[in-house]
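Step one of this worksheet: look at the structure below.
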Amino acid sequence: MAPPAQSQKSASPSQPSGKGEVSDVKMQLRQLAGSRSPGTDDAKRELFKKVISYMTIGIDVSSVFSEMVMCSATSDIVLKKMCYLYVGNYAKYNPDLALLTINFLQRDCKDEDPMIRGLALRSLCSLRVANLVEYLVGPLGTGLKDGNSYVRMVAAIGVLKLYHISASTCMDADFPAMLKHLMLNDKDAQVVANCLTSLQEIWGLEASTSEEAARERETLLSKPVIYYFLNRIKEFSEWAQCIVLDLVAKYVPSDSNEIFDVMNLLEDRLQHANGAVVLATIKMFLQLTLSMTDVHQQVYERIKAPLLTLVSSGSPEQSYAVLSHLHLLVMRAPFIFSSDYKHFYCQYNEPFYVKKLKLEMLTAVANESNTYDIVTELCEYAANVDIPMARESIRAVGKIALQQYDVNAIVDRLLQFLEMEKEHVTAETLVLVKDLLRKYPQWSHDCIAVVGNISSKNVQEPKAKAALIWMLGEYAQDMQDAPYILESLIENWDEEHSAEVRLHLLTAIMKCFLRRPPETQKALGAALAAGLADFHQDVHDRALFYYRLLKYNVTVAERVVDPPKQAVSVFADTQSSEIKDRIFDEFNSLSVVYQKPSYMFTDKEHRGPFEFSEELGNLSIDTELADNVVPAQRVEANDKDLLLSTSEKEDNHGASNNSSAYNAPSYDGSRMVAASQAQQDLVSLDQPPPADVPASLAIDDLLGLGLPVAPSPAPSPPALKLNAKAVLDPNSFQQKWRQLPLAASQEISMNPQGVSCIVKSSGSSSAYARSFHPLHCFRWSSPELQVLFLRTKRGRAFYLSCGLYFNRLCPNLVCLRDQSWKKMIE
Amino acid sequence: MPVAASAIYFLNLRGDVLINRLYRDDVGGNMVDAFRTHIMQTKELGTCPVRQIGGCSFFYMRISNVYIVIVVSSNANVACAFKFVVEAVSLFKSYFGGTFDEDAIRNNFVLIYELLDEILDFGYPQNLSPEILKLYITQEGVRSPFSSKPVDRPVPNATLQVTGAVGWRREGLVYKKNEVFLDIVESVNLLMSSKGSVLRCDVTGKILMKCFLSGMPDLKLGLNDKIGLEKESQIKSRPTKSGKTIELDDVTFHQCVNLTRFNSEKTVSFVPPDGEFELMKYRITEGVNLPFRVLPTIKELGRTRMEVNVKVKSVFGAKMFALGVVVKIPVPKQTAKVNFQVTSGRAKYNPSIDCLVWKIRKFPGQTEPTLSAEVELISTITEKKSWTRPPIQMEFQVPMFTASGLRVRFLKVWEKSGYNTVEWVRYITKAGSYEVRC
């Protein structure tokens, strides 16, 4: 009888192991088991309490199982309950001993007291021992027909418990049908509610395998059933009402009259004291009116007041949950709260998580009329002592500026932040000023004047430093000192720890050079030299690339590095509207709080950063197939179309299909414009690039695959053109990726050095490299490009890294982490 | 799916498990360790009440010195889960005589396990109403309402009430003296700018009721809210009496209130539960009477001296008075010494919260006491950064005053037996978050 491992683990070190105590209790229980003297029950109670308290703090008390069962012959209901609790906890790990308890539980199920019958039945169903299910069917069947509603209520949930232990037993005994009968006929509302809960869960789980269950699940949403529930809604407890309202939200009424009837019937639920009921009602109203645009707007008006009440009443945690929902609504209908913005002013003592959501709300509701007030309020927070709060507020001001047309006043405010001379304020503001300038280049003159006064020594945060450097490069002709500031930064190259900053420094000095060559030439030389010697792969490659570009042709270099720019009109939305709709469908659930659809955090394959199932991990590629050349024009096509077409073409081009999924460039947000233009220019160069391609060879070497390192001229690649606008968000990528047939696979084991090289070059921390344990890798290549996959395991999470190499371009390894599918092609 | 809690844990601040109840097998048994290592022992604690670890989501709330953690593995209804915890806590409080903390849990853990068994089954919320649960789970131990001995049967058909339609009231109650106590409790939230303009102001109020009534009484409550009065005058075709009417932004009611009648007739009618309960909650943003005005002037005189002058004006009736008035005026961290002059009450410097705390036990209406203080600061090298001033905060209670102007016009009680009742009404206005920037 192995003690349950988990209970030992959870004993915190500060608590006693309890071995001595347990054997002590065991002795005493044994003495009491047979005794019938008065006062025995009190003594037993004390002992049982002790056992339960040991159990609670994590001491393993499974060894007293038989003694507990022996002592359970009692009429004292408290003793019984404690015993049931104990048995429920340990039966799972002691199936043999659990058999002992079946007897007395079954006897209690026939007790004349309905309370005891109910308790016994509940405990019986909570044993969770698969080979004891046969003993469950009988008592459950009688329980469902019991004259007392308490027992029926317990039995209804008991069926669900049985289903989770053994689905087949539950289905064979035809319990769902009995539940359905009970649900539609019982006069006790709680019994009905429990039946509904059980049936929803059982049929929901069965539906994927059984057509009948799917049909039954549909009947729950049929008109008679829904009306039955609606007519009885006031009988239900508040929690049961939530369940019913949730069901009604899925109902599709036949016409608009019906919709109005349902809404009229349930409108008073918006006045319910229980916020959960109110939210459930709101969900139902929103779902029912989705198809009727004007009524939908009226619904927004109607739910405003109850929602604002929910925000301001209750604990901060409740406010947090409600505010998440408000945020979702305001994204869909920004107008609804635009006149109530004052409700989202932060209180000084509120927890940060509430304040943060309130700031997001303020940003979202800002419009022409209230911007001034909101920004004034936000500026108050920016001066806050609480640094995260100050940062968030500044970000909020920036977001509002990016939303509005009239940014005049806001820019002034932002520039005032820079004069506050607080490091975190300056840092946050710089990042924002950079974004603002990308959208409103006309403000450059005012901004540059202020930004020019900032000493780069006062800016330490990488993001802010990168922003400052970007501005120095971009507005080199307007800032007198730009080349010299950059020069001093380059002198301290070695002290700069952030690769992002160094990358920006390279680009900025290039831009500066192209505009003010005489002043910058020396600094450029120093920067390129430092970049070439840099240990960071990306920095090294960029320096090398600039160097070659300049050597090749300065005009071309200018077209690549510093082309005329267009102002960004809209910054890319991080979430697709499809996903937003899905979240909206799951209103009143965790999805809204996490801001992602439920399949992303409940399904196994989505959970964690790209968790892979075992079958996919053991990819084995047929190398010969992999050598098939991908026709260049395939790559040209828009990746989305391509993905659609691949499924049609899969028979013909079995092997090459997978590749198409990876041509989905989505750019690093901060460099979006530059990157896309640079890339277009790059890829459509008419002349073939210099013949020596050390980059690709370096990669082969890095992989440690033992390929010959002899320099061989790469084949002249066909004109390759990428769609500059192609964007594939992580989720649709994942969906498509799963749709694709497994075309070809290969398993190659690599030597660890090779791997860690790649990992280093990918810019990940070395800790990541060290944590490589089991590893699968596959590489697939054609003359134009190579695809490399690494599957790694760290802790419980799997990581899939994907590298895409164009042989003529510099390599870039991209990590898929936290589902962010980032790719840059330089 | 509403809650379907897989497990619920009660932990103390050190992370020791006080109560641990596993409902479903879809989460591992070591969830509490996950909570401890990933939330409690990190800086994450308190940054967000909902966290995902692995495939499970953790909802946690701190209540006095206890953390209550709910673990779910499905896409659960967050609002419902938090509401459930709040309700469960108030249920425990009603069992423990109003306190809920580590000691109360340790002393009553068997009772808590019993209750947890009843209020959640397989993770789904069941009955949480204290009135009903107290019928068969008592502090002395469990009494079975169904036990065969007639002496042990205070309520013959308790089962119906365990799950039945009028879940909040049992039949057969008898009181010698039939009394109803109404408490109208309002809290005023204010945010005022340093220039004296009101940035945000609202009142959240609740009507608490204590009922000691026999039988199954039907109650009707009349307030001076605009819509209700208009409706009434329509029905009785008589013009509304002059007098102050108020506009309620939003109202929510206890489940005993007949919401259909409220929507159609705008009357609050209900069969009350026995004992104490919260009848309704309301929110008002228009026409709020602020009980206090705060007029601060804070001058920084050089690097080491500050002059603080605060005048507090009470703007309610001269015959009324406020109790327990506390004004907290923030000062910089490096405050060394403060000299006070107050015209009323007492003031002192509290370094642990960096505030001057000015307390006035009894504060009559239409008065304006002042505080003037000279603050000496320690000059530090790093204080180049200017001091950002947190807002002045106020606490108070004003009995017999409502910031919203709400009044109870009548409370009618009907019962079959037609007994006489005594009704008591109290009003009180408290400070919610009453902040004045300076």
Single unsatisfied condition, B:Val422 versus (1) surrounded by 18 or more Cβ atoms within 10 Å (Cβ to Cβ); (2) over 17 Å from B:Gly317 (Cα atoms): (1)
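For segment B:186-200, what are the residues that are outside any strand (DSSP E or B) and not small (Gly, Ala, Ser)?
Residues of segment B:186-200 outside any strand (DSSP E or B): B:193-197.
Within segment B:186-200, just B:Lys195 meets the criteria.
Taking segment A:221-269 on its own, how many of its residues are in a loop (DSSP other than H, G, I, E, B), among the aliphatic types (A, V, I, L, M) and touching a residue at least 40 places away in the same chain (Cβ under 8 Å)? Write out each step before concluding.
Within segment A:221-269, the subset in a loop (DSSP other than H, G, I, E, B) is A:221-222, A:236-237, A:250-255.
In the following step, the residues that additionally are among the aliphatic types (A, V, I, L, M) were identified as A:221, A:252.
If we keep only those that are touching a residue at least 40 places away in the same chain (Cβ under 8 Å) too, we end up with none.
Counting residues in segment A:221-269 that are in a loop (DSSP other than H, G, I, E, B), among the aliphatic types (A, V, I, L, M) and touching a residue at least 40 places away in the same chain (Cβ under 8 Å) gives 0.
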Criterion violated by B:Leu22 - all others in (1) out of contact with any helix residue (DSSP H, G or I) (no Cβ under 7 Å at 6 or more places or on another chain); (2) closer than 22 Å to A:Met82 by Cβ; (3) more than 8 Å from every other protein chain (Cβ to nearest Cβ) satisfied: (3)
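Among the listed residues B:Thr304, B:Thr245, B:Thr297, B:Thr335, identify the single one that is among the β-branched types (Val, Ile, Thr) and either free of Cβ contacts under 8 Å to residues at least 12 places away in the same chain or within 30 Å of A:Arg269 (Cα to Cα) (or both). Walk me through how you get there before you give the answer.
Numbers: B:Thr304 fails: either free of Cβ contacts under 8 Å to residues at least 12 places away in the same chain or within 30 Å of A:Arg269 (Cα to Cα) (or both); B:Thr297 fails: either free of Cβ contacts under 8 Å to residues at least 12 places away in the same chain or within 30 Å of A:Arg269 (Cα to Cα) (or both); B:Thr335 fails: either free of Cβ contacts under 8 Å to residues at least 12 places away in the same chain or within 30 Å of A:Arg269 (Cα to Cα) (or both).
Result: B:Thr245 is the single residue among B:Thr304, B:Thr245, B:Thr297, B:Thr335 that is among the β-branched types (Val, Ile, Thr) and either free of Cβ contacts under 8 Å to residues at least 12 places away in the same chain or within 30 Å of A:Arg269 (Cα to Cα) (or both).
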Criterion (over 26 Å from A:Tyr227 (Cα atoms), in a helix (DSSP H, G or I) and among the hydrophobic types (A, V, I, L, M, F, W, C)) met by exactly one of A:Met171, A:Met178: A:Met171
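From the list A:Leu127, A:Leu160, pick out the single residue that is buried (at least 18 other Cβ atoms within 10 Å of the Cβ), part of a loop (DSSP other than H, G, I, E, B) and either touching a residue at least 40 places away in the same chain (Cβ under 8 Å) or among the small types (Gly, Ala, Ser) (or both).
Going through A:Leu127, A:Leu160 in turn, just one is buried (at least 18 other Cβ atoms within 10 Å of the Cβ), part of a loop (DSSP other than H, G, I, E, B) and either touching a residue at least 40 places away in the same chain (Cβ under 8 Å) or among the small types (Gly, Ala, Ser) (or both): A:Leu127.
Can you pull out every residue in segment A:257-283 that is away from chain B (no Cβ under 13 Å) and surrounded by 15 or more Cβ atoms within 10 Å (Cβ to Cβ)?
Residues satisfying the conditions are A:Glu258, A:Ile259, A:Phe260, A:Val262.
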Qualifying residue in segment A:455-462 (condition: farther than 22 Å from A:Leu503 by Cβ, part of a helix (DSSP H, G or I), over 31 Å from the mean Cα position of the chain (by Cα) and in contact (Cβ under 8 Å) with a residue 12 or more places away in the chain): no
Matching residues in segment A:571-583 - criterion: being under 19 Å from A:Val330 (Cβ atoms), away from chain B (no Cβ under 14 Å), touching a residue at least 12 places away in the same chain (Cβ under 8 Å) and in a helix (DSSP H, G or I): A:Ile579, A:Lys580
Count - residues of segment A:131-155 that are surrounded by fewer than 24 Cβ atoms within 10 Å (Cβ to Cβ) and either in contact with a Gly (Cβ under 8 Å, 6 or more places away or on another chain) or within 11 Å of another protein chain (Cβ to nearest Cβ) (or both): 4
Residue, surrounded by the fewest Cβ atoms within 10 Å (Cβ to Cβ), within segment A:33-79, restricted to residues that are acidic (Asp, Glu) and assigned to a loop (DSSP other than H, G, I, E, B): A:Asp76
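In this structure, does B:Arg36 turn out to be outside any loop (DSSP other than H, G, I, E, B), closer than 24 Å to A:Asn274 by Cβ and within 10 Å of another protein chain (Cβ to nearest Cβ)?
Numbers: outside any loop (DSSP other than H, G, I, E, B): yes; closer than 24 Å to A:Asn274 by Cβ: no; within 10 Å of another protein chain (Cβ to nearest Cβ): yes.
So B:Arg36 fails the test.
With respect to A:Tyr484, is the statement that it is closer than 27 Å to A:Glu421 by Cβ, surrounded by fewer than 20 Cβ atoms within 10 Å (Cβ to Cβ), among the hydroxyl-bearing types (Ser, Thr, Tyr) and in contact (Cβ under 8 Å) with a residue 40 or more places away in the chain true?
Values: closer than 27 Å to A:Glu421 by Cβ: yes; surrounded by fewer than 20 Cβ atoms within 10 Å (Cβ to Cβ): yes; among the hydroxyl-bearing types (Ser, Thr, Tyr): yes; in contact (Cβ under 8 Å) with a residue 40 or more places away in the chain: no.
Against the criterion (closer than 27 Å to A:Glu421 by Cβ, surrounded by fewer than 20 Cβ atoms within 10 Å (Cβ to Cβ), among the hydroxyl-bearing types (Ser, Thr, Tyr) and in contact (Cβ under 8 Å) with a residue 40 or more places away in the chain), A:Tyr484 does not qualify.
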Odd one out for B:Val50 among (1) within 7 Å of chain A (Cβ to nearest Cβ); (2) closer than 30 Å to A:Arg45 by Cβ: (2)
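For (1) assigned to a loop (DSSP other than H, G, I, E, B); (2) aliphatic (A, V, I, L, M); (3) surrounded by 14 or more Cβ atoms within 10 Å (Cβ to Cβ), each residue gets a yes or a no:
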{"residue": "B:Met306", "(1), (2), (3)": "no, yes, yes"}
{"residue": "B:Val310", "(1), (2), (3)": "no, yes, yes"}
{"residue": "B:Lys313", "(1), (2), (3)": "no, no, yes"}
{"residue": "B:Ala318", "(1), (2), (3)": "yes, yes, no"}
{"residue": "B:Val327", "(1), (2), (3)": "no, yes, yes"}
{"residue": "B:Ser344", "(1), (2), (3)": "yes, no, yes"}
{"residue": "B:Ser352", "(1), (2), (3)": "yes, no, no"}
{"residue": "B:Ile360", "(1), (2), (3)": "no, yes, yes"}
{"residue": "B:Phe363", "(1), (2), (3)": "no, no, yes"}
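When the residues of segment A:555-570 are filtered to those that are in contact (Cβ under 8 Å) with a residue 40 or more places away in the chain and out of contact with any Leu (no Cβ under 8 Å at 6 or more places or on another chain), which remaining residue is surrounded by the fewest Cβ atoms within 10 Å (Cβ to Cβ)? Spell out the reasoning first.
So the first thing to find is which residues in segment A:555-570 are in contact (Cβ under 8 Å) with a residue 40 or more places away in the chain, and the list is A:556-563, A:565-569.
Now restrict to residues that are out of contact with any Leu (no Cβ under 8 Å at 6 or more places or on another chain): A:559, A:563, A:565-569.
Numbers: A:Arg559: 18, A:Pro563: 14, A:Lys565: 12, A:Gln566: 10, A:Ala567: 11, A:Val568: 16, A:Ser569: 6.
So the residue we want is A:Ser569.
Here, each number is a calculation from the coordinates, and none is a lab measurement. A quick note: this is a predicted structure, and the numbers were derived from the prediction, not measured. All Cβ positions, glycine included, derive from the backbone under ideal geometry; neighbour counts span all protein chains shown.
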